[in-house]
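Here the structure is laid out as structure tokens; the discussion comes afterwards.
The values are calculated or read from the model by the stated rules, or taken from the named source; none is laboratory data. All figures in this text were calculated on a predicted structure; none of them were measured in a lab. Neighbour counts are summed over all protein chains in view; Cβ atoms, including those assigned to glycine, are modelled from backbone coordinates with ideal geometry. Remember, those area values only see protein heavy atoms, side chains included, never the ligands or the DNA or RNA. Shrake-Rupley method; radii C 1.70, N 1.55, O 1.52, S 1.80 Å.
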Amino acid sequence: MSAESAAREALCRTARSLYERGLTHGSTGNLSLRLDDGYLLTPTGASLGELDPARLARLDGSGRHLAGDQPTKESFLHLAMYRQRPASGAVVHLHSTHSVAVSVLAELDPSDLLPPLTAYYVMRIGCLPLVPYFPPGDAALADAVCGLAGKHHALLLANHGPVVAGSSLSAATDAVEELEATARLYLLLRGQPLRLLSPAQVAELRRRYP
């Protein structure tokens, strides 16, 4: 099996897992992988539970569609993350329920939406800024993402959902799942007194796991 064939299989397998575990629904969410000479993206309007590896969208290094089905209409989100984070190997964008719920809460700090509830949240997400709302498919959203992606590998789109870049598909998936789990914890704990990780504990985690 060629490297690209293996990448296609991995992308579809990961997408199906996310769908089957309820982290996305209907035809929402999209994933991408960086190749040596371009990108693979999930197609527009496709359910992540029923992808065909042969029909994934193939883009060149500049983002031009070369083969396969038309890429997700949110391909610009992925390309913006790759441009700002050249070491990234994959991007995952979901409409996961608890993360979306956090994205519509009005009283949170838009520079860092969730508190340090667990060590793994600090290690895999760290700081989570809010990207202002734009309609789905609006190219202005790419500019807003570019303004934050250079410093943050995980972003939460207002009234929309998370977009996370990682060094690999597994790293991006682990991070977006950690974000969704932490969002769920935060919502479960709202109104309760919290014992957060201290600034010193957060700093130590960031020192150990930069």
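Before anything else, pin down the relative contact order of the chain: Cα pairs under 8 Å, at least 6 apart, normalised by residue count, whole percent. Relative contact order of the chain: 20 percent. In terms of accessible area, using a 1.4 Å probe and ignoring ligands and nucleic acids, Tyr133, Tyr186 rank largest first as Tyr133, Tyr186. Once the Cβ-Cβ distance between Gln70 and Asp138 is put in as r, and R0 is 25 Å, what FRET efficiency do you end up with, to the nearest 0.05? According to the calculation, E is roughly 0.90.
Taking the centroid of alpha carbons for each part, the stretch 76-120 and the stretch 1-50 are 18 Å apart. Largest first, the residues Ser17, Ser27, Ser62, Ser75 sort by 1.4 Å accessible area into Ser62, Ser27, Ser17, Ser75. For the chain, the mean residue ellipticity at 222 nm estimated from helices alone is -12000 deg cm²/dmol, where every DSSP H run of n ≥ 4 contributes -39500 (n - 2.57) and the total is divided by all residues, rounded to the nearest 500. In the chain, taking the dipole from charged Cβ atoms about the Cα centre, the farthest positive-side position among Leu205, Met81, Thr173 is held by Leu205. The magnitude of the dipole of the chain, with charges of +1 and -1 set on the Cβ of Lys/Arg and Asp/Glu and taken from the Cα centre, is near 400 debye.
Based on Cα contacts under 8 Å between residues 6+ apart, the stretch 26-88 shows a relative contact order of 28 percent.
The GluC sites (Glu not before Pro) of the stretch 1-87 meeting both criteria, a DSSP state outside H, G, I, E and B (loop) and at most 11 other C-beta atoms within 10 angstrom of the site's C-beta, are Glu50.
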